[in-house]
Amino acid sequence: MFEERLKEAALRIQRHFDSVFAEFEDVPVTQAMAYAIYGGKRLRGFLAIETARLHGVDIKRAIWPATAAEALHAYSLVHDDLPCMDDDDLRRGLPTVHIKWDEATAVLAGDGLQTLAFDLVLRPEVGTEAVRADLGRSLARASGATGMVLGQALDMAAESARTTLSLEEIRYLQENKTGALIRWSAEAGARIAGDDPSAFGAYAKALGLAFQIADDILDIEGDVRTVGKAVGKDLDAGKATFVAILGLDEAKRRARNLVDEACDCIARYGDEAESLREIAHYVITRNA
C-alpha cells in the first residue's frame, strides 16, 4: 500500500513538472532543469502531499508545494555535484548535469530550479496570500543560510580544514543540510491548512537524521548500480559522517531509535498517519 502511494505521488509530481516545463522555452538551461528533476524517490514531495491529506487539503493545492520541495532539492543536488563541491559524475544512475552539458549550464539550471521552487509555492492555487507568504518565507529559511545552505557550508568547511567534528556538530550540520528541507516538506500540509506544524516538524527532525544516517550507511554498504551514484567517497575523503563517529552498528541502532521517535511524534493522528510511519521505516531500509 505504502509503495503504491509513493509511486502514485511520484507520478503526480512528474506530471505536474511536465505541465510546468511545457510553459518554458526549449533551450539548454530548461532542458537541464527538466533533466535534473526527473526520477528520484520524491520523499519530500510525498511528505507534503501526505501531510496535506491529513489536514483535509486537496491534492490540487498540495501538488504545488510538493513540486516546490522537489525543485529545491534538485537544485541542491545539481550544485552539490559540481566540481567545486562534491565533484560527482553520476546521479540517479545518469550523468550529472555538468557532465551531460557543462558547468555553466549546471550552475544556471540549479539557479533556475531554486527560483522555480518559489514560483510554485507562491501560485494562487495554493491558498490565501497569508498561506503563500508563510510557505514562501519558511521555504526560504529552510533552504538558505539558516538551513540547507548553512549545512552545506559547514560540511565544506569541515572537509577543507580536515577537521574532526563531534557527534553534536555532525548532528547540527545534517539537521540543516538534509533535515531542513525535509522538515519544511513535512510541515507543508499543516501550513496550507493554517494549523500548527510543530508535531510534523518534530517528526521530520527525527526522520531527517535517520535519513542521513541511512545515507552514510549506504556510502559504506551500498552498490553504485543500486544507489545510482558513487559510493565510498565520504569514507575516502575523510568526511564527517555518523558512521565515522559512531561505527556501523551503533549508527544503525541510532537510525532505528530515530524512526521510533519520529513515529511517536505523530501517534495522535492514529491510522491516518500510517503512511508517514511507513516512510519513516522505509528511509532506513532502502537500498538507494
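Please treat every number below as a calculation from the coordinates, not as lab data. Because the structure is predicted, anything quoted here is derived from the model rather than measured. Every residue, glycine among them, receives a Cβ derived from its backbone with ideal geometry; neighbour counts consider all protein chains shown.
General remarks:
- Full extension of the chain segment joining Glu4 with Asp260 gains 89.9 nm, where the gain is 0.36 nm per residue of separation less the Cα-Cα distance.
- Sparse-neighbour loop sites [GluC sites (Glu not before Pro); region 10-89; at most 14 other C-beta within 10 Å; DSSP]: Glu23, Glu25
- P(r) tail for the chain: Cα pairs beyond 34 Å make up 15% of the total.
- Asp102 paired with Asp26, simple spin-label distance in nm, labels 7 Å along Cα-to-beta-carbon: 2.3
- Size of electric dipole in region 57-133: Cβ of Lys, Arg +1 and of Asp, Glu -1, about Cα centre, debye, nearest 20: 480
- The charge dipole of the chain, taken about the Cα centre with unit charges on the Cβ atoms of Lys, Arg (+1) and Asp, Glu (-1), comes to about 440 debye, rounded to the nearest 20.
- Computed from the Cβ-Cβ distance with R0 of 25 Å, the FRET efficiency linking Cys84 to Asp119 stands at 0.40.
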